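A.B. asks: Encoded as structure tokens, here's the structure I'll be asking about.
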């Protein structure tokens, strides 16, 4: 290998290590890697930055705007009646939820779809199955549905843009539909018939101790009528959907909340329960907040938001005090939800982890400030919020349908059609002001642009050809086995690094393998595309998985147990369809 190839390999190793350890945000890691390649002269400025001018970046940025316009106008408000379960049986409810969700994910970014449906699924729990039976299937449907059309996921669009840059025809609007339709149907049937039995039941029919909901704190006031009484005498033994976990004295000493434990003025009581329990307990005489309200605002002016800490967030490993959450974001964390284990110490002293769900109180502008930090938070959603349908909803739907039609029938290139629809959202007032600024996920676009530059280095230095030669050692077993190996490598890379980076790094390798074998490039490109997005085994493998982790009360093992059959189904469908249709 040349020194450029060795240098690129070293830079890639550093990149993978940084991404796995989460030393910095994903976009910063990839931009840093691109900078190393650029400074060393492995790639020139034109090749390094060509990715940012790739039509895929324009198309994905435009799709962010289109999806935000559809969401802001409440154009999908009809889905509530369409998806609402008719009984408490999880099987039929899952099928009713997954199939329409997959269809929506085929034409819209799956992140806002899941964010929109999470509060709805939680609300349905009163009359339907527990949310823990529905939220992993919801995330899975959003992922699998992304393969129904070219615009279903950003990974599809990235690979399409790379193919065009290589002088190939790229994917058709429905190329991936060959994989998407059978994958959606089989995965939905799996969860509806069998898979739901592997999901936990953590609904209202289990005890509060088992639910392990929000952890929140209240202080015993100086005038508390129960000061000096035991926990049992003060009435904190039977709290319905909450329980008293521990007591912390003024000096910071923690003790168990035994029935005979005496409560004193100034003690901080740590509870576990739902968000409604916080309001109920705060209304009891003698209990007060441990944190003051935002800027001493009146309660009617404040709203509650559920915020999920993202994988690789700058908040990971830091406490709320170290972050200075209130000063930085203008919101007060009232409670923290981590289902996997109990937490020691006060809320301000608990190091945050990816998947932690924070109950934050703040003014309306708080949601905008949190949403702009998309790499730090996987979900920002008002509690109990369902966006109302507005008069511009038909306009938003018409613009979405127009973009789909123009791209599907190849009247306009994908980037042109989506850009026109995004402009339409702005001109017609479907999206404006702060909502428009929040719509475009800039870190994602930076990741894509940088990854495309890194992929060019992998190709030009010969690393792609060397990797292809390694994969071709199994070619004696036939192109089917070779295709399976390409899929599995792309899938494994996606679990270690981002799905877009996996697709960018593996596509040159897959194209080289197809050329050397003398077969069509389409099945290998499809295998890379699907394998890079098929993350079902961990909550941090895909954004939507992380979004449902805390609201569903899941543990990491819940994803692995129910997701392994899904991974096998998708792998089998992808390889079978690729062989049957294109090889």
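The values are calculated or read from the model by the stated rules, or taken from the named source; none is laboratory data. If you're wondering where the values come from, they're calculated on a predicted model, not measured in any experiment. Cβ placement follows ideal geometry from the backbone for every residue including glycine, while neighbour counts extend to all protein chains displayed.
A.B. asks: Out of the range 19-46, which residues are closer than 13 Å to residue 443 by Cα, modelled with pLDDT under 85 and part of a helix (DSSP H, G or I)?
C.D. replies: Within the range 19-46, 26, 27 meet the criteria.
A.B. asks: Can you find a residue that is more than 21 Å from residue 379 (Cβ to Cβ) and not in a helix (DSSP H, G or I) anywhere in the range 48-69?
C.D. replies: The answer is yes, given that some residue of the range 48-69 is more than 21 Å from residue 379 (Cβ to Cβ) and not in a helix (DSSP H, G or I).
A.B. asks: Considering only residues that are in contact (Cβ under 8 Å) with a residue 24 or more places away in the chain and closer than 15 Å to residue 216 by Cβ, which ones fall in the range 241-263?
C.D. replies: 241, 242, 243, 244, 245, 246, 248, 257, listed by residue number.
A.B. asks: Looking at 145, 170, 106, 152, can you tell me which residue is farther than 25 Å from residue 189 by Cβ and modelled with pLDDT of 85 or more?
C.D. replies: After applying the criteria, what remains is 170.
A.B. asks: Which of (1) within 20 Å of residue 157 (Cα to Cα); (2) without any contact (Cβ under 8 Å) to a residue 60 or more places away in the chain; (3) surrounded by 22 or more Cβ atoms within 10 Å (Cβ to Cβ) does residue 59 not meet, given it meets every other one?
C.D. replies: (2)
A.B. asks: Further question: Could you say whether any residue in the range 184-198 is at pLDDT 90 or above and in a loop (DSSP other than H, G, I, E, B)?
C.D. replies: We begin by selecting, within the range 184-198, every residue at pLDDT 90 or above; these are 184-198.
In the following step, the residues that additionally are in a loop (DSSP other than H, G, I, E, B) were identified as 194.
Yes - at least one qualifying residue is present in the range 184-198.
A.B. asks: A further question on this structure: Among the residues of the range 39-52, which ones are in contact with a helix residue (DSSP H, G or I) (Cβ under 9 Å, 6 or more places away or on another chain), without any contact (Cβ under 8 Å) to a residue 40 or more places away in the chain and either crowded, with 17+ Cβ neighbours inside 10 Å or closer than 29 Å to residue 314 by Cβ (or both)?
C.D. replies: Passing the criteria: only 40.
A.B. asks: Does the range 484-520 hold any residues that are at pLDDT 90 or above and within 20 Å of residue 564 (Cα to Cα), and which are they?
C.D. replies: Answer for the range 484-520, where residues must be at pLDDT 90 or above and within 20 Å of residue 564 (Cα to Cα): 484, 485, 486, 487, 488, 489, 490, 491.
A.B. asks: Could I ask something else about it? Taking only the range 81-103 into account, find how many residues are buried (at least 24 other Cβ atoms within 10 Å of the Cβ) and farther than 19 Å from residue 187 by Cβ.
C.D. replies: Residues meeting the conditions: 0.
A.B. asks: Which ones in the range 432-450 are modelled with pLDDT of 85 or more and farther than 20 Å from residue 377 by Cβ?
C.D. replies: Those that are modelled with pLDDT of 85 or more and farther than 20 Å from residue 377 by Cβ: 449, 450.
A.B. asks: In the range 310-337, which residues are over 23 Å from the mean Cα position of the chain (by Cα), buried (at least 16 other Cβ atoms within 10 Å of the Cβ) and in a loop (DSSP other than H, G, I, E, B)?
C.D. replies: Within the range 310-337, just 330 meets the criteria.
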